[in-house]
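S.K.: Please find one structure pasted underneath; my questions will follow.
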Amino acid sequence: MSPNLLIWLDGKLVPESEAKISVFDHGLLYGDGVFEGIRIYNGRVFRLTEHLHRLYDCARAICLTIPLSFEEMERATVETVAANKLRDGYIRLVVTRGVGSLGLNPYQCPKASVFVIASTITLYPQERYENGLHLITCGTRRPNSAALSPQVKSLNYLSNIMAKIECIQAGCEEGIMLNDQGYVAECTGDNVFIVKNGRVITPPISAGALDGITRRAVIELLGEMSVPCAEQNMTRFDIYTADECFLTGTAAEVIAAVQYDRRPIGDGKPGKLTQELIKRFKTLANSTGTPVPYA
Ligand code: PXG
């Protein structure tokens, strides 16, 4: 992380040493809030409008009023990137319930807090982008949508973190999270796809997958390539017997998975279609997006 970043906090750009949140913020006390992770490629913010729509929808789903209009949020985001002179990087947008009294009641919090961090992120070592990731099946399941919709990108990521701990303890980088019916939902911070007999399959959103922005971009790319892609319930069997497997996410981008529960996927190397998608995604990411108004 580069030092001395400028952070956008509740309407002002402040040095990171001054970017502080109250211990009475319900985002911290209860995980009450929502967030987005967005990439900057080649001086442009990738799919900013889509990310902001998801942020506002998630806020709405938890009855959280974002104290900025969509356009103000858009401006705050690109201004933060410009202020930090980042041409490639990663933006973390956070809306917390704000400061309130102790006790769950969110109506005791008069105003939501908003902050924007523009920095860099490296999720996996370069070697993994070339050779692929190893996955396990996590024992921790994706939360049931009757408890909290898995569509809400909330500040409550503990089940994903518990699943990530399982992966790391097993010597893997990522893992498959199943839903309460035992179908594949997604990974701890990425969506999952398999390739079988020239067809691509990914779990439907209704299986508990996040409606990933990178997932959408890859589905569009497959359409352009005339490769059939179905959103279909998947089991572990489907991954064990797949020809190829890859993951998508803002931080991860598009990356091959070559081993699952210690078994090789396909021939244990990144597949042809996966490699073509990685190439096409790079081209797309580096040639589209909201331009940043650098000084
Ligand atoms: N599933 C989950 C549970 C996620 O949190 C994705 C899928 C991929 O969605 P996008 O829209 O990014 O294609 C995510 C997003 C991190 C990190 O720090 C994780 C995400 C995004 C940014 C950073 O590990 N996950």
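The values are calculated or read from the model by the stated rules, or taken from the named source; none is laboratory data. Just so you know, these numbers come straight off a predicted model, no measurement behind them. We place every Cβ from the backbone using ideal geometry, glycine too, and count neighbours over all the protein chains shown.
S.K.: How many of the residues in the range 1-34 are within 22 Å of Pro67 (Cα to Cα), assigned to a loop (DSSP other than H, G, I, E, B) and not aromatic (Phe, Trp, Tyr)?
M.R.: 9
S.K.: A further question follows. Given the criterion farther than 30 Å from Glu244 by Cβ, hydrophobic (A, V, I, L, M, F, W, C), surrounded by fewer than 18 Cβ atoms within 10 Å (Cβ to Cβ) and at pLDDT below 95, identify the matching residue among Ala61, Ala146.
M.R.: Of Ala61, Ala146, the one residue that is farther than 30 Å from Glu244 by Cβ, hydrophobic (A, V, I, L, M, F, W, C), surrounded by fewer than 18 Cβ atoms within 10 Å (Cβ to Cβ) and at pLDDT below 95 is Ala146.
S.K.: Another question, then. Within the bounds of the range 35-54, is there any residue that is closer than 25 Å to Gly100 by Cβ, assigned by TED's automatic domain parsing to the domain that holds Ser101 and in a strand (DSSP E or B)?
M.R.: For the range 35-54, residues closer than 25 Å to Gly100 by Cβ, assigned by TED's automatic domain parsing to the domain that holds Ser101 and in a strand (DSSP E or B): present.
S.K.: Out of the residues in the range 209-233 that are surrounded by fewer than 16 Cβ atoms within 10 Å (Cβ to Cβ) and in a helix (DSSP H, G or I), which is nearest to the ligand (Cβ to nearest atom)?
M.R.: Among those that are surrounded by fewer than 16 Cβ atoms within 10 Å (Cβ to Cβ) and in a helix (DSSP H, G or I), it is Arg216.
S.K.: Could I ask something else about it? Under 6 Å by Cβ, and 6 or more places apart or on different chains, what pairs join a residue from the range 253-278 that is in the same structural domain as Arg236 (by TED's automatic domain parsing) with one that is among the acidic types (Asp, Glu)?
M.R.: If the second residue must be among the acidic types (Asp, Glu), the pairs left are Gly266/Asp243; Gly266/Glu244; Gly271/Glu244; Leu273/Glu244; Thr274/Glu244.
S.K.: So if I check each of Gly103, Gly132, which one is at pLDDT 95 or above, on the phi > 0 side of the Ramachandran plot and over 22 Å from the mean Cα position of the chain (by Cα)?
M.R.: Exactly one residue qualifies, and that residue is Gly103.
S.K.: Considering only strands (runs of 3 or more DSSP E) fully contained in the range 105-201, which possess at least 1 residues that are in contact with a Ser or Thr (Cβ under 8 Å, 6 or more places away or on another chain), of a type outside the set (Val, Ile, Thr) and in the same structural domain as Glu74 (by TED's automatic domain parsing)?
M.R.: 113-119
S.K.: Can you tell me which of Glu127, Glu74, Glu50 is within 30 Å of Ile255 (Cβ to Cβ), away from the ligand (no atom under 16 Å from the Cβ), surrounded by fewer than 21 Cβ atoms within 10 Å (Cβ to Cβ) and touching a residue at least 24 places away in the same chain (Cβ under 8 Å)?
M.R.: So the residue among Glu127, Glu74, Glu50 that is within 30 Å of Ile255 (Cβ to Cβ), away from the ligand (no atom under 16 Å from the Cβ), surrounded by fewer than 21 Cβ atoms within 10 Å (Cβ to Cβ) and touching a residue at least 24 places away in the same chain (Cβ under 8 Å) is Glu74.
S.K.: Tell me whether the range 163-177 contains one or more residues that are more than 16 Å from the ligand (Cβ to nearest atom), closer than 28 Å to Ile205 by Cα and touching a residue at least 24 places away in the same chain (Cβ under 8 Å).
M.R.: yes
S.K.: Output the residues belonging to the range 211-238 that are small (Gly, Ala, Ser) and in contact (Cβ under 8 Å) with a residue 40 or more places away in the chain.
M.R.: Result: Ala217, single match.
S.K.: Would you check if Pro293 is outside the structural domain of Val184 (by TED's automatic domain parsing), of a type outside the set (D, E, K, R) and touching a residue at least 60 places away in the same chain (Cβ under 8 Å)?
M.R.: Yes; evaluated as a whole, the condition is true for this residue.
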